[in-house]
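Participant: The structure's right below; bear with me while I get my questions together.
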Amino acid sequence: MSRWRRLRRRGLLGTVFSPVRYLWFRALRSGSGTASLAGGFAVGVFWGCTPVFILHWPPALWMAGRMGFNKLAATAGVFLSNPLTIPVHYSAAWWIGHWLVPRSEDASPGFDGADSVLKAMLKMGWEDLALMQLGGLVMGLVLCVPSYLIAYHLADGVIRVRQARAGQPTNSERN
């Protein structure tokens, strides 16, 4: 099927976020527990919010592995940060960083779409990049909690449905 037919069938958002969906369902099939899946997804969302330009995935995999979380779920969480959402993430990280540590000179980060995000970041000074990193870390810490709860709820629901279809007792029936 051609790329344009898939785009027409799924829509723009369905096509852009299809890697996340694919990885999430692979993670669900891996047999990990719901806490491992939700924790991996939250780690991926955390690293996806930090402005480390294209290098979100290696630290997310490392952190998920060290904490015992599912690496496929972490990859799915990282892939939420895609080229369409990176300018929004980076602008929000810049504003949050400058709100936390006010400076006398406040200029816009320049993610206006005329230049690429990388060119805009290269024009910034070290202080702006450090404040942007601080804002991204805060944003990641704030967003990883609801993403954990949502992922836990979704994974638990899918696992319960699969267990019911297979005739296995669910966790609530075992207790």
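Participant: M63 - would you say it is loosely packed, with under 14 Cβ neighbours inside 10 Å, at pLDDT 85 or above and not β-branched (V, I, T)?
Facilitator: On the way: loosely packed, with under 14 Cβ neighbours inside 10 Å: no; at pLDDT 85 or above: yes; not β-branched (V, I, T): yes.
Spelling it out, it is not the case that M63 is loosely packed, with under 14 Cβ neighbours inside 10 Å, at pLDDT 85 or above and not β-branched (V, I, T).
Participant: Among the residues in segment 37-44, are any aromatic (F, W, Y) and modelled with pLDDT under 80? Break it down stepwise before answering.
Facilitator: Let us first name the residues in segment 37-44 that are aromatic (F, W, Y), namely 41.
Going one step further and asking which of them are modelled with pLDDT under 80, we end up with none.
No, there is no match, as no residue in segment 37-44 is aromatic (F, W, Y) and modelled with pLDDT under 80.
Participant: Does segment 102-113 contain any residue that is surrounded by fewer than 19 Cβ atoms within 10 Å (Cβ to Cβ), aliphatic (A, V, I, L, M), more than 24 Å from L23 (Cβ to Cβ) and modelled with pLDDT under 80?
Facilitator: Yes, segment 102-113 has at least one match.
Participant: I'm checking my understanding of the structure. Among residues of segment 154-167 that are loosely packed, with under 12 Cβ neighbours inside 10 Å and in a helix (DSSP H, G or I), which one is nearest to the chain's Cα centre (by Cα)? Give the steps one after another, and end with the answer.
Facilitator: As a first pass, look at segment 154-167 and keep what is loosely packed, with under 12 Cβ neighbours inside 10 Å: 157, 161, 165-167.
Now drop any that are not in a helix (DSSP H, G or I), which leaves 157, 161, 165-166.
Working: G157: 21, V161: 25, R165: 31, A166: 31 Å.
Once the filter is applied, the top-ranked residue is G157.
Participant: Restricting attention to segment 20-45, which residues are under 30 Å from L131 (Cα atoms) and either of a type outside the set (A, V, I, L, M) or outside any helix (DSSP H, G or I) (or both)?
Facilitator: Of all residues in segment 20-45, those under 30 Å from L131 (Cα atoms) come to 20, 38-45.
The answer is G39, G40, F41, G44.
Participant: Could you check segment 4-19 and list, in sequence order, the residues that are at pLDDT 65 or above, within 15 Å of the chain's Cα centre (by Cα) and part of a helix (DSSP H, G or I)?
Facilitator: Correct list: S18, P19.
The values are calculated or read from the model by the stated rules, or taken from the named source; none is laboratory data. This is a predicted model, so every value here is computed, not measured. Note that we place each Cβ from the backbone using ideal geometry, even for glycine, and neighbour counts take in every protein chain shown.
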